[in-house]
Amino acid sequence: MAAGAPVAGSPGAGRTPLVAGNWKMYKTAAQTTATIRTLVSALAATSPAVPAGMVLVCPPFTGLPAAREALAGQDPELVLLGAQDMHWETEGAFTGEVSGAMLLDAGCRAVIIGHSERRAHFSETDASAARKVAAAIALGLLPIVCVGETRAEREAGLTAAVLARQVGRAVAGLDANAAGSLVFAYEPVWAIGTGLAASAADASAAADIIRAQLTDDSGRRARVLYGGSVKTGNVAEFMSQPAIDGVLVGGASLDGAGFAALAVAGLRARRQ
Ligand code: PGA
């Protein structure tokens, strides 16, 4: 499939699983090359084979060329390439920004949008995230839309309201077909990088709340990942939940062999 084509995903119960790695602000080009090579050789050696289009890695912008080169010559569906953010305009006077068109040009198939670290530290809002989502869809980039409550919001009983607001605004300008093509990542802020993952039951309930914000058909088709302290040891708990289609992994995606083991464990759990 050419860069820019949507990641394969069949509707309903056939939603394609996705194990996505978010490298955040880690790894030089040389480290990227080494990690991708290790990841690819571990995945390629797995039997039964890891199905196409189910593992995604999102390095920092500067790592994309090295990652693309390390993936050249491999099955282009074995490890997909994504980015961690984008601007909604194609080009322009936006110092420091990178556009979705540039990400496509760099070989990306997907882009993380609205991560809580961008919301907390870089003024990302529901409105800016929505503009990015619409622009990504228009380009054929798969948006992975991050939503989730803070600890204070959870303790105040606001989890469902926060998810409803974040999802509702992300899809407000989209038709049902586009909304159904989205990937959401339920990432409770208190679970990110803390070692305190949500329970599988809570993550599953959050996935139901997310889908309930979409019209029937798009809710059935949209994929929902869980993110927040996912490790090889707990990935199966999440991916065996029927409502959860995969995971978005930060810290545990930085080690190539470890991330391959995590992906294999998660995808096996999903198949059972
Ligand atoms: P973590 O990060 O796996 O290190 O908790 C997840 C994320 O921020 O996407």
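Below is a table of values for the structure above.
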item	result
Failed item in (1) under 21 Å from V40 (Cα atoms); (2) among the charged types (D, E, K, R); (3) at pLDDT below 95, with D217 passing the rest	(1)
Verdict on L104 being assigned to a helix (DSSP H, G or I), more than 16 Å from the ligand (Cβ to nearest atom) and either modelled with pLDDT under 95 or closer than 26 Å to V224 by Cα (or both)	yes
Neighbours by Cβ (under 9 Å, 6+ apart or cross-chain): first from segment 228-240, farther than 13 Å from S253 by Cβ and at pLDDT 95 or above; second more than 12 Å from the ligand (Cβ to nearest atom) and polar (S, T, N, Q)	A236/Q272; E237/S199; F238/S204; S240/Q272
Any hit, segment 223-230, residues being over 30 Å from T32 (Cβ atoms) and away from the ligand (no atom under 13 Å from the Cβ)	no
Filtered residues of segment 85-125 (kept if in contact with a Lys or Arg (Cβ under 7 Å, 6 or more places away or on another chain) and more than 19 Å from R169 (Cβ to Cβ))	A106, G107
Any chance V40 is more than 25 Å from R211 (Cβ to Cβ), under 21 Å from the mean Cα position of the chain (by Cα) and outside any helix (DSSP H, G or I)	no
Residue count for segment 231-258, restricted to those that are within 11 Å of the ligand (Cβ to nearest atom) and within 17 Å of the chain's Cα centre (by Cα)	10
Odd one out for A93, checked against (1) aliphatic (A, V, I, L, M); (2) touching a residue at least 24 places away in the same chain (Cβ under 8 Å); (3) assigned to a loop (DSSP other than H, G, I, E, B)	(2)
Selection status of G219, part of a helix (DSSP H, G or I) and under 30 Å from K27 (Cα atoms)	no
Segment 177-204: number of residues that are buried (at least 16 other Cβ atoms within 10 Å of the Cβ), of a type in the set (A, V, I, L, M) and not in a loop (DSSP other than H, G, I, E, B)	8
Only one of S116, S123, S99, S128 that is out of contact with any Leu (no Cβ under 6 Å at 6 or more places or on another chain), within 27 Å of F259 (Cα to Cα) and of a type in the set (G, A, S)	S116
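The values are calculated or read from the model by the stated rules, or taken from the named source; none is laboratory data. Only a predicted model underlies this, so the values are computations on that prediction, with no experimental measurement involved. For neighbour counting, all protein chains shown are included, and Cβ atoms are generated from backbone atoms with ideal geometry for every residue, glycine included.
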